[in-house]
Amino acid sequence: MGLLHEDRLFPADEKTRAIARRLYAGIKELPIVSPHGHTQAGWFARNEPFPDPVTLLVQPDHYIFRMLYSQGISLEELEISNKPVKDPRRVWRIFASNYHLFRGTPSRLWLDYAFENLFGLTERLSAKTADHYYETIESRLSTKEFLPRALFERFNIEVLATTDSPLDSLKDHEEIRESGWKGRIVPTFRPDPVVDPAFDQFAKNVERLGELTGENVTSWRGYLRALEARRRFFKSLGATATDHGHPSARTADLSESKAEWLFGKVLEGEADAEHQELFRAQMLTEMARMSLEDGLVMQIHAGSVRNHNAQLFAKYGRDMGADIPGPTDYVHALKPLLDRFGNETSLSIILFTLDETTFGRELAAGGSLSLSATRAAVVVL
Amino acid sequence: MGLLHEDRLFPADEKTRAIARRLYAGIKELPIVSPHGHTQAGWFARNEPFPDPVTLLVQPDHYIFRMLYSQGISLEELEISNKPVKDPRRVWRIFASNYHLFRGTPSRLWLDYAFENLFGLTERLSAKTADHYYETIESRLSTKEFLPRALFERFNIEVLATTDSPLDSLKDHEEIRESGWKGRIVPTFRPDPVVDPAFDQFAKNVERLGELTGENVTSWRGYLRALEARRRFFKSLGATATDHGHPSARTADLSESKAEWLFGKVLEGEADAEHQELFRAQMLTEMARMSLEDGLVMQIHAGSVRNHNAQLFAKYGRDMGADIPGPTDYVHALKPLLDRFGNETSLSIILFTLDETTFGRELAAGGSLSLSATRAAVVVL
Amino acid sequence: MGLLHEDRLFPADEKTRAIARRLYAGIKELPIVSPHGHTQAGWFARNEPFPDPVTLLVQPDHYIFRMLYSQGISLEELEISNKPVKDPRRVWRIFASNYHLFRGTPSRLWLDYAFENLFGLTERLSAKTADHYYETIESRLSTKEFLPRALFERFNIEVLATTDSPLDSLKDHEEIRESGWKGRIVPTFRPDPVVDPAFDQFAKNVERLGELTGENVTSWRGYLRALEARRRFFKSLGATATDHGHPSARTADLSESKAEWLFGKVLEGEADAEHQELFRAQMLTEMARMSLEDGLVMQIHAGSVRNHNAQLFAKYGRDMGADIPGPTDYVHALKPLLDRFGNETSLSIILFTLDETTFGRELAAGGSLSLSATRAAVVVL
């Protein structure tokens, strides 16, 4: 009977389920437009086979190893690091033996989908089936139907956006464009490393931004020009959007002299937490201004408390899965930005918000479009 | 088949739908008691025909024009102002062409109800049907069945409460009473203009309050007596309740000397945001005290962040639809008021709250009546 | 047809109801493990009959009398106090006449269950049936099938945990153990009276802690040793857990010298609200450290605003039902504790949280186990 229920995610009630089926039938064959693809341009630039099931499915997915870690399995055992996995079959067996932990999670939902639809596996992953899974997946990954570009085409993807540092050379994106392959992969401008003073190596990152653009980034004006230049560069390689991962949605609209002073403070590493927050707030408004000029859609991922696990962070650094959503007050936080640009019909802002916030509720209840005159679409997660 | 589904708003599931139908059948013929009617006494005092569909349905409804505005339609195009609409048919066509924007909103739900049940329209409003709608509605509005008093009777309204400034002469209400017409329309005492220091023209409003009552409103005692006098006047014209639109539910219970000092400060326009908030907080407690004396039920609409759109506010002033709910902590906010009056069985307070607040949840879960001994009913919106 | 619907609490939809029935059938005959039993060890130590329906069902249940109080019935009328009820039949009649107030509440759900299944009553409790109920219940309570131990066995309870002050002698628990009766009743270590500086008689309680343990509790080290000693004593009588009722989940990880200074301050009664909160925060982290050493599971009941009704509190003291949940930010609050002990696989923490908090949502959505490596189970209420 397979791993998947035909009506998974649909309502239990027959009446609403029939409506869900009808709606889904109308869109299931449409091509995929993926604005936040969690993929790397390098996969498609080099088009090399994915080496093994662990390197593809376990090592890069913090939802997977975070769950295993929470049950007492160390990251060392799982060989989580930037280096190649030495004994992928051993790691796979650990994952398989603990697959029951993923019951009811979105992770299992899409893993089972991939297992059944891509690899033809129909018996649940477990200690017993671990080796069969490993060998089946590994052998398929070496075929040309499973090369990254082939999968992109098979999945009927119309466009896929990656998320990139403003310091990235985007050479993988350039390589894809020059290769003649028709798949549309575009970068997204995620300036956190150069606009968030709490980011690792912030001052160095800003210095590098200056080198890349030839601007004098020790001045506020030069710094803004450098950001504008990088946005233009991203746009030249197809970017349609920016993305901002801030701890809160706070925005500010400081006078130029105040902003200049604040920039000096954060650059010299003398800003306390409140001034760092204020700088990020000001930068969201600056980014909105630039979006009005260059047309990039602005995405705000606010409210995640990142790197919550101090020991994991100390040992492994950022983005190791120890993130947890915190409450965010969008209503007051966005006001300074909206007071300045909220009535511009050509500005598009996408907020990624959790539905339990007041704002999320208001939006979910149909108020979504009424915050201002902007064409702000809101994704309630 | 018409615009309305017979079972709209009922559950999809057959079993619970049958229960909903049974419950609804038991109450659908009951007269309407409307404690917060969003209507004007003048309609019923003058009993003149509503002039045209736009003046009736678009111009006074900020839910309608806020949605249109959010999609880039200017308020000038929609002729939103205090003046008569010059080209109502043109505005109606804009509204009709954008009626699809209201899919899934409460606005469409009640508009379709009115279109079908009052005006006999059964094809959806759209650019195509705009003129047919306009002409049908306009022609009906000129008949005597559609005069305000006739509609009041046809809707089987037992009592309808308007919401009025304490500075209002209530002459429309007096006129209704003297006209011999039997419809019961009562005013509601909404003192925001004279108790909220952030209200436009606060000091002038207080001065006017003094003129109306003959009290010396430059003294705290005189100011309170003036409020008591206006409440008595409202009550003499049928008022049964007060209503308070505060940014938060904060209450305070200051000593008389502290309250006196604070009143002086806000009256001279020297109060900062925190002192203005403290004054509103104190005034909720004063209003509770007066309610205990004169028996008016107290309604608190707290937590709406008003006039969020700075440009709209600058151009059009208050209440133009740019409101959005913010989080409100009722539990701590109401404590000072409840510590003083919360155990009085003759005090009735109605809180209008959103269900996503902790308080709303607690109340919805059956704890509603347990906050205190007051007969506080709570409306969870 | 009785008081109970066979499928109460199950979904209305037939499909999901069938699944609920199947799941329930699989567990309904299992013995009860009750980690937070709201019972007193003395009942089982003395094994005396419950005297009458009011003393059993009304007097000790603040959910019951809080609802009645909210409708204007005084606690005097209900004879709520620590003394024996003088006229239980009169109180019962008041309760019965107001039983309709409990429609839709969990209180009625379990009362009806007890009425029907324990006492064979099948007509709803009301003014009319009040005396019949009273007499039926009273007569059964005097039979040996209704002695506390007999009920414990009949209910198929495997283990029942009481909640006890660290100053309790636990002599009832000792008596049960020495009696030869096989029912497993264990104490739970709830140190609020000696770790919360806002607790009534805090300094006296700490002094008594010193007397019980022979430690010098005027020193920080001695105080901690005294707590460790009491935990050992509780554990020797079967305790498996601690329980902490704090106004927030805030934790701290102060240096020893800072903690020592703070302890001196709270002990001398000189700590303001912020310092009291910081002390409670530090004590949660100390309790986690002790749990790592002695293996007791740590339960945190955070976020309840206690004794909200000032008049009730002044007259009757703590725990009279005037509690109401407030918002709690677990994400930041728990970080200091988790930074220190969050990666210890042998620490178990149970958080009692309301599902409307961000944290509760995140947890309910499957993220529950990923906060850290601890085996933290989370109970979302």
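The values are calculated or read from the model by the stated rules, or taken from the named source; none is laboratory data. Values in this document were obtained by computation on a predicted structure and should not be read as measured data. When we count neighbours, we look across all protein chains shown, and the Cβ atoms used for this are built from the backbone with ideal geometry, even at glycine. Each accessible area value is taken on the protein alone, full model and side chains, heavy atoms only, with ligands, DNA and RNA left out. Shrake-Rupley method; radii C 1.70, N 1.55, O 1.52, S 1.80 Å.
Points to keep in mind about this one:
- Phi-derived couplings, Karplus 6.51 cos²θ - 1.76 cosθ + 1.60 at θ = phi - 60°, listed residue by residue for region A:161-172: 9, 8, 10, 9, 5, x, 8, 5, 6, 6, 5, 5 Hz, with x used for Gly and Pro.
- Within the shell of other residues whose beta carbon sits under 15 angstrom from the beta carbon of residue C:242, the net charge comes to -2, with Lys and Arg scored +1 and Asp and Glu -1.
- Each Lys and Arg adds +1 at its Cβ and each Asp and Glu adds -1 at its Cβ; summed about the Cα centre, chain A shows a dipole of about 700 debye.
- What a 1.4 Å probe finds exposed on the protein assembly as shown is 53% carbon and sulfur by accessible area, rounded to a whole percent.
- The residue among A:233, C:109, B:331 whose Cα reaches farthest toward the positive pole of the charge dipole of the protein assembly as shown, with charges on the beta-carbon of Lys, Arg, Asp and Glu, is C:109.
- Remark: chain B carries 47 Å² of accessible area per residue (probe radius 1.4 Å; ligands, DNA and RNA excluded).
- Two-decimal log10 I(q)/I(0) for the protein assembly as shown, as the Debye equation yields it once each C-alpha is a single scatterer, q = 0.05, 0.07, 0.09 Å⁻¹: -0.42, -0.87, -1.47
- Its Cα centre serving as origin, the protein assembly as shown has a Cβ charge dipole (Lys and Arg +1, Asp and Glu -1) of approximately 2080 debye.
- Each of the GluC sites (Glu not before Pro) that DSSP puts in a loop and that has at most 10 other Cβ atoms within 10 Å breaks chain A; the longest unbroken stretch is A:77-267.
- Nearest 10 degrees, 0 to 90: helix A:14-27 Cα axis against chain A principal axis: 70
- For region A:167-192 and region B:227-299, distance of Cα centres in Å: 62
- Taking the C-alpha atoms only, the angle from helix C:256-267 to the longest principal axis of chain C is near 50 degrees.
- Net charge contributed by nearby residues that have their C-beta within less than 15 Å of residue A:2 (K/R +1, D/E -1): -2
- Nearest 10 degrees, 0 to 90: helix C:130-141 Cα axis against chain C principal axis: 70
- Expected 222 nm ellipticity per residue - DSSP helices of 4 or more, -39500 (n - 2.57), all of the protein assembly as shown, to 500: -13500 deg cm²/dmol
- Region A:163-292 - percent relative contact order, Cα under 8 Å, separation 6 or more: 27
- Across the identical copies, the 7 Å label point of residue B:24, projected outward along Cα→Cβ, sits 2.8, 2.8 nm from its counterparts, in ascending order.
- Centre-to-centre, using Cα atoms only, region B:8-38 and region B:86-135 are separated by 25 Å.
- For the axis carrying chain C to chain A: nearest C-beta residue of C, whole Å: C:13, 3
- Antiparallel beta bridges, as assigned by DSSP with both residues in the protein assembly as shown, represent about 10 percent of the total such bridges.
- Positive-end ranking of C:71, C:55, C:125 along the dipole of region C:51-142, with charges on Cβ about the Cα centre, is headed by C:71.
- Amide H contacts of residue B:157: B:32, each under 5 Å away and 5 or more positions distant or on a separate chain (H built 1.01 Å from N in the peptide plane; Pro and chain starts excluded).
- Cα-Cα P(r), region C:243-311, percent of pairs per 10 Å interval: 19, 44, 31, 6, 0
- Remark: region A:188-204, residue by residue, has Karplus-estimated 3J(HN,Hα) of 10, 7, 10, x, 2, x, 10, 10, 9, x, 8, 6, 3, 6, 3, 4, 4 Hz, where x stands for each Gly or Pro and the curve is 6.51 cos²θ - 1.76 cosθ + 1.60 at θ = phi - 60°.
- Accessible area buried at the A-C interface, both sides summed, 1.4 Å probe (Å², nearest 100): 2100
- Label-to-label distance for residue B:255 and residue B:229 is 3.0 nm, based on points extended 7 Å past Cα in the beta-carbon direction.
- Antiparallel bridges, percent of DSSP beta bridges restricted to region B:224-345 (to nearest 5): 25
- Distance in nm between pseudo-label sites at residue C:48 and residue B:204 (7 Å out along the Cβ direction from Cα): 7.6
- 7 Å along Cα→Cβ, label-point gaps from residue A:129 to other copies, nm, shortest first: 5.2, 5.2
- Here the Karplus curve 6.51 cos²θ - 1.76 cosθ + 1.60, taken at θ = phi - 60°, turns the phi angles of region B:3-8 into couplings of 8, 10, 8, 4, 9, 4 Hz, with x standing for Gly and Pro.
- Once the C-beta distance of residue A:292 and residue A:216 is scaled by a Förster radius of 22 Å, the resulting FRET efficiency is 0.35 to the nearest 0.05.
- Partner lysines for residue B:258 [C-alpha distance under 29 Å; skip if fewer than 8 residues away on the same chain]: B:204, B:335, C:315
- Structural descriptor for chain A: relative contact order 13 percent, calculated from alpha carbon pairs under 8 angstrom and at least 6 residues apart.
- Check: region C:195-255 dipole with +1 on Lys, Arg Cβ and -1 on Asp, Glu Cβ, in debye: 200
- Take each residue in B:328-336, count the other chain C-beta atoms within 10 Å of its C-beta, and the mean is 3.
- When the alpha carbon gyration tensor of chain A is reduced to an equivalent ellipsoid, the three semi-axes, largest first, read 37, 25, 22 Å.
- Average Cα contact separation per residue, region A:144-235, under 8 Å, 6 or more apart, as relative contact order %: 24
- Inter-copy label distances at residue B:155 (7 Å, Cα→Cβ; nm, one decimal): 5.3, 5.4
- Scanning residues 5 or more positions from residue C:297 or on other chains, those with amide H under 5 Å from its amide H are C:241, C:242, with H placed 1.01 Å from N in the peptide plane.
- For C:3-10, mean number of other protein chain Cβ atoms within 10 Å: 0
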